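Worksheet: one structure, shown below.
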Amino acid sequence: MAILSDRTIINKLGNGILFYPLRPESIRSCSLCLTASRYAYSLTDRKQIQISIGAEYFIIKPKDTVLVWTSEAIWLNNKLGGSIHSTVGLVSQGIGHIGTRINPNWIGPLCIALNNLSNNEVRIYIENAKRPMAYVIIHQLSWPADPKKDINKDQFARLDVLRDLPNTQLIKDHFADKETQWMTNIDSLKRKMIYESDIYKQLTNNQFKKASRYFFSDSKNWFTFLAFTLSMVLLIINQVSSTNPLIAFPKNFITGIFYVLVVIWIILALLGCWNLWEAYIKSQKD
């Protein structure tokens, strides 16, 4: 399996990977940042942690284990899988290492168990990609997974872990609310990311500009583009002059030039396609 880099992650957004909301710091060199939402449950106190409106963080008490739901929803297709990893900052404060996964075809927010092994309180920052609670590394599978194998195996948002616990209704109601149903549907999640995320638009626009810059930096590609444009112009002129007697272009001359340019364009188009592919590869390395 191969670990996806930041450029590959960006290229697969909308086509294999959905991740929303995207923040400026969400995509690292080989991972995506997972941030805490306002929904967390203490297994020691056996109740939801109350987080005031506007609070930037909540506290995990010493020796407590807390179930925390991510503010982001993620979808991976059946060719990708994910592994969730701890941040050095939280581990150095006493939070235990995380070792869990995201199955192919998963969609929705993630539930991550954070265990405070220390004798001190630990702050978990809310919706802050500069201070994430975990990272997800995305792996390219050696072969596509069976698309039916893990369907319905894990409940949405892993709410099944709350089944025998008290004081969980508010969390269940939140994820059952109409306002959060976009997290459960691939099309809705995709629309959210593509049309409502300025970060997504900025990232994909930058990728297009890079490839275009490399493509047109080569004089052969410019000549291919001009030859194609002239061929199309002469084709239009040839068609118009054959149907409109008011336009007295020498038809045979224009037709001859047109066919010459078409032959040149076909040859250069093949080279241009190869150069475009090289431009794309180079833009990923820039």
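A short reminder: the numbers here are calculations on the coordinates, not readings from a lab. The shown structure was predicted, so the numbers you read here are calculated from the model rather than taken from an experiment. Please note: Cβ atoms are built from the backbone with ideal geometry, for glycine as well, and neighbour counts cover all protein chains shown.
Structure notes:
- Taking label positions 7 Å along the Cα-Cβ direction at both ASN103 and HIS174, the computed distance is 2.4 nm, reported to one decimal.
- Label point at GLN155 placed 7 Å out along Cα→Cβ; residues across segment 26-63 whose backbone nitrogen lies under 19 Å: 39-44, 46-49
- Annotation: peptides 155-161, 102-108, 142-148, ranked by per-residue average of other Cβ atoms within 10 Å with the highest first, follow the order 102-108, 155-161, 142-148.
- Shape call, segment 66-180: gyration tensor on alpha carbons, a/c limit 1.5: oblate
- Using R0 = 22 Å, the C-beta based FRET efficiency linking LYS130 and THR204 works out to 0.45.
- Cross-linked pairs LYS12/LYS201; LYS149/LYS178; LYS79/LYS148; LYS12/LYS172; LYS79/LYS190: Cα-Cα separations exceed 21 Å for LYS149/LYS178; LYS12/LYS172.
- Label-point gap, in nm, between ARG191 and ASP164 - each point 7 angstrom along Cα→Cβ: 4.0 nm
- Taken along the Cα-to-beta-carbon direction at a fixed 7 Å, the label points for GLN181 and SER118 span 4.3 nm.
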